[in-house]
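Down below is the structure, laid out as structure tokens.
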Amino acid sequence: MSAQGLNLQHVSYKKLTKTILNDITVEIPLGRLVVLLGENGVGKTTLMRVISDLNKGYQGEISLAGISDERRKSLISYSDDLTSFRSKATLSDIIAFYQQGYPDFDLKRVNELLNFMRLDPLQRLGSLSKGNREKLIIALTLARRTKLYLLDEPLSGVDIFSRDKIISSLVKWIDHDSLLIISTHHLSELEQVIDDVLILKDQRLLEYRNVEDIRQNEGLSVEEYYRQTYLEN
Ligand SMILES: Nc1ncnc2c1ncn2[C@@H]1O[C@H](COP(=O)(O)OP(=O)(O)OP(=O)(O)O)[C@@H](O)[C@H]1O
């Protein structure tokens, strides 16, 4: 397996008797911004949880930056749903918890991100709207200085103006040798910033492809290509 990037070799995952991911093999270099696509229930969240080692018992091999055992977890920042925090907790309390739990948590970066998201550290978690809670999750996820960031449908409740602002600044928050994988059902908004697409269909990897390659060689937007590929295969 390659020492660089995220490398999945024949990864399969079952829940009870149901196959959710089937024989997924892909190598994604670091330094990319990748969008993960596929219809509801196809396994996007499951794939992120398997990569993060939160869903145990998968088959196959996964390595990140050359680390192929469970130590890879320490290199992965996966968007937390924050359900383990009490609603009375302030954003500062949550940040203190992250700071204790993650040696790579960057306090300066999280403060910049909170400021960028217009979130007040003194606010309580329970008082946040859905969209603001999502902004907090993005801020906490991106505030770690690590190799792989996994954002699972991070923007579904965020208003269009904030969405545009966050999307156009995504690359700014992560180091150039890190990998960001983001799942979404709103591909068109991300088209201009992403490097690659990863498409799941029927438990399998349908495609991993560079977006420039799609535009130049297929003459299609990424969204057009996604629709065409999904329906044809
Ligand atoms: N705890 C569970 N028990 C049984 N099946 C599960 C469980 N969690 C997920 N699944 C199944 O795993 C499959 C993949 O779900 P997953 O949440 O990964 O899909 P997704 O692509 O993220 O969907 P969406 O776009 O709707 O968020 C689905 O068929 C779902 O029903």
| said: Here is a check on your reading of the model: is Thr146 part of a loop (DSSP other than H, G, I, E, B) and either of a type outside the set (Phe, Trp, Tyr) or closer than 19 Å to Arg163 by Cα (or both)? | reply: yes
| note | Residue pairs within 6 Å by beta carbon, gap of at least six or interchain, first lying in region 48-61 and buried (at least 18 other Cβ atoms within 10 Å of the Cβ), second assigned to a loop (DSSP other than H, G, I, E, B), listed first then second, are Arg49/Asn55; Val50/Tyr58
| Positions within region 85-128 being acidic (Asp, Glu) and not in a loop (DSSP other than H, G, I, E, B), in sequence order | Asp93, Glu112
| Among (1) part of a strand (DSSP E or B); (2) more than 13 Å from the ligand (Cβ to nearest atom); (3) farther than 17 Å from Leu180 by Cβ, the one test that Ser77 misses | (3)
| request: Please specify each residue of region 34-47 satisfying the condition of being touching a residue at least 40 places away in the same chain (Cβ under 8 Å) and outside any loop (DSSP other than H, G, I, E, B). | output: Val34, Val35, Leu36, Leu37, Lys44, Thr45, Leu47
| How many residues, within region 1-40, are within 10 Å of the ligand (Cβ to nearest atom) and either acidic (Asp, Glu) or under 25 Å from His186 (Cα atoms) (or both)? | 7
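I need the full set of residues from region 1-21 which are touching an Asp or Glu at 6+ places or on another chain (Cβ under 8 Å) and either more than 24 Å from Val171 (Cβ to Cβ) or not in a strand (DSSP E or B) (or both), in order please.
Met1, Ser2, Gly5, Gln9, His10, Val11, Ser12
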| query | Here are some conditions: (1) more than 16 Å from the ligand (Cβ to nearest atom); (2) of a type in the set (D, E, K, R); (3) touching a residue at least 40 places away in the same chain (Cβ under 8 Å). Asp202 meets all but one. Which one does it not meet? | reply | (1)
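Would you confirm, using the coordinates I've provided, whether Lys147 is at negative phi, within 18 Å of the chain's Cα centre (by Cα) and among the basic types (Lys, Arg)? Let's see the steps before the verdict.
On the way: at negative phi: yes; within 18 Å of the chain's Cα centre (by Cα): yes; among the basic types (Lys, Arg): yes.
Considered against the rule, which asks whether it is at negative phi, within 18 Å of the chain's Cα centre (by Cα) and among the basic types (Lys, Arg), Lys147 comes out as yes.
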| field | Within region 133-166, considering residues that are at pLDDT 95 or above and among the polar types (S, T, N, Q), the one nearest to Gly5 (Cα to Cα) | value | Thr146
| Among the residues of region 126-176 satisfying the criterion of being closer than 21 Å to Glu191 by Cβ and among the hydroxyl-bearing types (Ser, Thr, Tyr), which is nearest to the ligand (Cβ to nearest atom)? | Ser156
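With the condition kept exactly as written, say whether any residue in region 105-126 is touching a Gly at 6+ places or on another chain (Cβ under 9 Å), farther than 21 Å from Arg72 by Cα and among the small types (Gly, Ala, Ser). So that I can check it myself, show each step before the final result.
Pass one, region 105-126, residues touching a Gly at 6+ places or on another chain (Cβ under 9 Å): none.
Looking through region 105-126, none of the residues is touching a Gly at 6+ places or on another chain (Cβ under 9 Å), farther than 21 Å from Arg72 by Cα and among the small types (Gly, Ala, Ser).
The values are calculated or read from the model by the stated rules, or taken from the named source; none is laboratory data. Worth saying up front: this structure is predicted, and the values here are computed from it rather than measured. We place every Cβ from the backbone using ideal geometry, glycine too, and count neighbours over all the protein chains shown.
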